[in-house]
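Trainee: The following block contains the structure, expressed as structure tokens.
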Amino acid sequence: MAQLLHPGVFIEEFTPASPIVGVSTSVAAFIGVTQSGPIMDPQEITSWDEFVATFGGPLDETYANGDKAYLTASVKGFFVNGGTTCYIVRTSSAVNASGELVTRNAPNDPVIIATAQREGATANGITVTVADRSVVEDVLAAQLNLAEGTTPIGAVPDARTLTVGATGAFQPGDDVAVSKNGLATLRRVVESVDATTLTLTAPLGPGNYANGAVRIANLDETTGRIRVDLPAVPLRRFLLPGTIVEIDVGNANAEFGVVATVTNDSFTLRSKLTKQHVTTAPIAITSREFDLHIADPATGTVEDFTGLSMDSGHPKWWHRIDSAIVRLAAPALPPGGAITDPRPSLAAPVVLANGTDDDRGQSWTDLIADPTDVLATLAPFDRVSIVAIPGATTAAAHAALVAHCELLGDRVAILDPIRGSEPSDAVAQAAGATGDNRGFATLYYPWIQIVNPATKLLESWPPSGHLAGIYARTDEQDGVHKAPANTNIRGALGLERRLTDADQDGLNDFGVSALRIPPGGGAPVVWGARTTTIQNRNWQYVNIRRLFNYLEESIADGIRWAVFEPNDRSLWRGLERSIGAFLVEEWRKGALFGDRREEAFYVRIDDALNPPSTRATGRLYIEIGVQPTYPAEFLVVRIGIWDGGSEASES
């Protein structure tokens, strides 16, 4: 704040609280069996063509219980009805063939896991062969040699200066050993070099080292930079950071390190050496890379990847290769034993095995018996707001869907009734899928009739996928507060059962949403917007449940900035402004009821909700009340005869 010490105009800037942006409400997630594609790995799909490219086309097959591969045509119905984005989770009993590349030392633990990209038994027999390579030796046709130099010392004008006959073997930054019989050998670093003198970064200390000797110091745990004889090609052009190098090649004392930085004739290691390498003997250095040769005998495809490194800092780290035949991954546990050369073993080629084909009938049976684990894969995806397993009509599947939505609190389940069931059966299903009666599920009855893209025949089909598309279409056209009802089901040519008003009388109040043929005929329409909840009338409409999901998640995301801010009245006012501005916008869209904003909602943050004892625990309570707009489900028209003095009416 400017100091107001003299008359004038003073301008101050302030940063308003972050605005709250509404979250998406129309992203669906579908689970089922498909022709191919990733297994138990949710994939974002934005078109029917993308779905076919990822998971394959329609399947013409019927399983033991009479069910079919419902997912594909249901996803098509989603996009036809206005859906734009969905996640697909494929369940499958298929197993991809795999094999282990192991370490070179006992106990020969896995160091790389190779898994076939193509699922099923046909991938058994893919081979992965390891070959050694040294990029250093490829470029130079030789190994690198440590720069060596031993030079007699003449005079020692001062404790940091050595007069020598020739200085060509030394450079600034070299670790050197200064020695003389009868005196301690000292390790120092060269600061500068001229024609006849070496200047050290630190003084020598007691004793006169004149007539002694100076040489490149031994490599050991104090080594910083390692300088080599200047190669024909500058070192930085082929020795890359992340390269694994072997120091003292061929000797029992050899050890491996990882290059951190490189100059034209020197490099530093990421970690210090653990052994001493005496420079009075020749010290050879080389790089240690490897090649992978991958062959698929079933297709005749062959791939070669050369010059790979075991270190993630290298541009050609093995994990970065893009193979069309296999996926490479690290094992769940790091390998044991004393690792020397970290590359995979050169043993016989690894042959991928144990791949099995998908039994889709069994996969479907397992899914509808208990989809809990499959649903759990969708938990990390906050964008999902609608979940369905098209064609899953078991009580276990419905219960798992409802429990998943209630647990996460940001999505609803669309349930399918039993194929060919009576209205009373649908009522019983809805009664068994209420969860904790907060309206997180809706069940539509009966099945629709579509042209099965696999058979080109008119068949009965579960409606959940098409309904999810209608949810998305309604959200886009009118908003999440609008009931997704009184609208046609695109792609549906009829219904498995044509309902009467009397039929729907027994459905509506029992948590089943009806699909109807209009009185004059035509395409089926959605003629219900109920959740399966009947014991808590606050949550009996699906648009109310979805509106609250939308408001709750939008507000939670939008006020995340306030976490760890000082819990004072300034913060309270900022939160009131942010939340209030968001709710005003929703009120203007028609999501909230009331002629004035005060009638539509309130936001309360005060001392009564947040006394000192509450604030001391790091908590801030915010109370929000909203008055949603309920759907006009029953239109009662009263009409009467009026003759100017008497009246007869009926309604």
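The values are calculated or read from the model by the stated rules, or taken from the named source; none is laboratory data. Quick caveat, the model's predicted, so the values are computed rather than measured. Because the Cβ atoms are built from the backbone with ideal geometry, glycine has one as well, and the counts that use them run over all protein chains shown.
Trainee: Looking at (1) over 30 Å from A348 (Cβ atoms); (2) surrounded by fewer than 22 Cβ atoms within 10 Å (Cβ to Cβ), which is the one condition that is false for G83?
Mentor: (2)
Trainee: I'm checking my understanding of the structure. Among residues of segment 469-518 that are within 35 Å of the chain's Cα centre (by Cα) and among the β-branched types (V, I, T), which one is modelled with the lowest pLDDT?
Mentor: Here the residue is V480.
Trainee: Return yes when A430 is buried (at least 24 other Cβ atoms within 10 Å of the Cβ), more than 14 Å from L375 (Cβ to Cβ) and at pLDDT 95 or above and no when it is not.
Mentor: yes
Trainee: If the requirement is being of a type in the set (A, V, I, L, M, F, W, C) and touching a residue at least 12 places away in the same chain (Cβ under 8 Å), which of these qualifies: A591, A632?
Mentor: On inspection, the qualifying residue turns out to be A591.
Trainee: Another question, if that's okay. Might you check whether a residue that is within 26 Å of the chain's Cα centre (by Cα) and surrounded by 20 or more Cβ atoms within 10 Å (Cβ to Cβ) occurs anywhere in segment 372-383?
Mentor: So far as segment 372-383 goes, yes, one or more of its residues are within 26 Å of the chain's Cα centre (by Cα) and surrounded by 20 or more Cβ atoms within 10 Å (Cβ to Cβ).
Trainee: Same structure, new question: Quick check on A252: is it aliphatic (A, V, I, L, M) and over 28 Å from L162 (Cβ atoms)?
Mentor: yes
Trainee: Here are F548, F510: which of them is part of a loop (DSSP other than H, G, I, E, B), touching a strand residue (DSSP E or B) at 6+ places or on another chain (Cβ under 9 Å) and either closer than 26 Å to L407 by Cβ or among the acidic types (D, E) (or both)?
Mentor: Exactly one residue qualifies, and that residue is F510.
Trainee: Output the residues belonging to segment 451-466 that are within 23 Å of L415 (Cβ to Cβ) and either outside the structural domain of T500 (by TED's automatic domain parsing) or over 35 Å from the mean Cα position of the chain (by Cα) (or both).
Mentor: Correct list: E459, S460.
Trainee: Looking at segment 396-417, is at least one residue modelled with pLDDT of 95 or more, part of a strand (DSSP E or B) and more than 23 Å from the chain's Cα centre (by Cα)?
Mentor: Yes, segment 396-417 contains a residue that is modelled with pLDDT of 95 or more, part of a strand (DSSP E or B) and more than 23 Å from the chain's Cα centre (by Cα).
Trainee: Taking V21, is it touching a residue at least 24 places away in the same chain (Cβ under 8 Å) and in the same structural domain as L467 (by TED's automatic domain parsing)?
Mentor: no
Trainee: Which one of the conditions (1) in contact with a Gly (Cβ under 9 Å, 6 or more places away or on another chain); (2) under 30 Å from V350 (Cβ atoms) does G77 fail to meet, given that it meets all the rest?
Mentor: The one condition G77 does not meet is (2).
Trainee: Of the residues E623, E586, E552, only one is in contact with a His (Cβ under 9 Å, 6 or more places away or on another chain) and touching a residue at least 12 places away in the same chain (Cβ under 8 Å); which?
Mentor: The conditions single out E586.
Trainee: Here's something else I'd like to know. Would you check which residues across segment 519-560 are over 25 Å from Q429 (Cα atoms) and surrounded by fewer than 13 Cβ atoms within 10 Å (Cβ to Cβ) and list them?
Mentor: Scanning segment 519-560 gives P519, G520, G521, G522, R560.
Trainee: Pairs needed: first member in segment 418-446, assigned by TED's automatic domain parsing to the domain that holds W527; second member anywhere, assigned to a helix (DSSP H, G or I) and among the small types (G, A, S); C-beta distance under 7 Å; at least 6 residues apart or different chains.
Mentor: As it stands, the answer is P423/G506; V427/G506; G432/A395; A433/A399; G435/A403; L443/A426; L443/A430; Y445/A426, since those pairs meet every condition given.
Trainee: Turning to a different aspect of this structure: Are any of the residues in segment 310-326 closer than 30 Å to L467 by Cα, of a type in the set (D, E), out of contact with any strand residue (DSSP E or B) (no Cβ under 8 Å at 6 or more places or on another chain) and in a loop (DSSP other than H, G, I, E, B)?
Mentor: no
Trainee: Got at least one residue in segment 582-592 being on the phi < 0 side of the Ramachandran plot and surrounded by fewer than 13 Cβ atoms within 10 Å (Cβ to Cβ)?
Mentor: Among the residues of segment 582-592, at least one is on the phi < 0 side of the Ramachandran plot and surrounded by fewer than 13 Cβ atoms within 10 Å (Cβ to Cβ), which makes the answer yes.
Trainee: Test of understanding: among L609, L571, L620, which residue is in a helix (DSSP H, G or I), surrounded by 14 or more Cβ atoms within 10 Å (Cβ to Cβ) and modelled with pLDDT of 90 or more?
Mentor: One residue alone meets the criteria, L571.
Trainee: For segment 79-106, what are the residues that are touching an Asp or Glu at 6+ places or on another chain (Cβ under 9 Å) and of a type in the set (A, V, I, L, M, F, W, C)?
Mentor: C86, I88, V89, A94, V95, A97, V102
Trainee: Continuing with this model, one more query. Could you grab the pairs with beta carbons closer than 7 Å, sequence gap of 6+ or different chains, first residue in segment 344-355 and touching a residue at least 60 places away in the same chain (Cβ under 8 Å), second one surrounded by fewer than 16 Cβ atoms within 10 Å (Cβ to Cβ) and aromatic (F, W, Y)?
Mentor: Close Cβ pairs satisfying both conditions: none exist.
Trainee: Kindly provide the set of residues from segment 587-606 that are in a strand (DSSP E or B) and over 13 Å from L575 (Cβ atoms), ordered by number.
Mentor: Once the filter is applied, which keeps residues that are in a strand (DSSP E or B) and over 13 Å from L575 (Cβ atoms), segment 587-606 yields L592, F601, Y602.
Trainee: Report, by residue number, each residue of segment 437-450 that is in a loop (DSSP other than H, G, I, E, B) and either touching a helix residue (DSSP H, G or I) at 6+ places or on another chain (Cβ under 6 Å) or closer than 20 Å to S74 by Cβ (or both).
Mentor: Hits for segment 437-450 are R438, G439, F440, P446, W447.
Trainee: Residues to consider are V189, V233, V176; find the one that is closer than 17 Å to L273 by Cα and under 53 Å from the mean Cα position of the chain (by Cα).
Mentor: Among V189, V233, V176, only V176 is closer than 17 Å to L273 by Cα and under 53 Å from the mean Cα position of the chain (by Cα).
Trainee: On to the next question. Counting residues that are among the β-branched types (V, I, T), modelled with pLDDT of 95 or more and on the phi < 0 side of the Ramachandran plot, which strands (runs of 3 or more DSSP E) fully inside segment 11-102 reach at least 2?
Mentor: Hits in segment 11-102: 27-32, 86-90.
Trainee: Is it the case that some residue within segment 203-221 is small (G, A, S), without any contact (Cβ under 8 Å) to a residue 60 or more places away in the chain, closer than 16 Å to F170 by Cα and surrounded by fewer than 15 Cβ atoms within 10 Å (Cβ to Cβ)?
Mentor: Taking every residue of segment 203-221 in turn, none turns out to be small (G, A, S), without any contact (Cβ under 8 Å) to a residue 60 or more places away in the chain, closer than 16 Å to F170 by Cα and surrounded by fewer than 15 Cβ atoms within 10 Å (Cβ to Cβ).
Trainee: Which of the residues that make up segment 246-291 are within 19 Å of I216 (Cβ to Cβ), among the aliphatic types (A, V, I, L, M) and either in a loop (DSSP other than H, G, I, E, B) or in contact (Cβ under 8 Å) with a residue 60 or more places away in the chain (or both)?
Mentor: Within segment 246-291, V249, A254, L273, V278, A281, I283, A284, I285 meet the criteria.
Trainee: Going residue by residue through segment 107-115, is there one that turns out to be farther than 13 Å from V350 by Cα and surrounded by 19 or more Cβ atoms within 10 Å (Cβ to Cβ)?
Mentor: no
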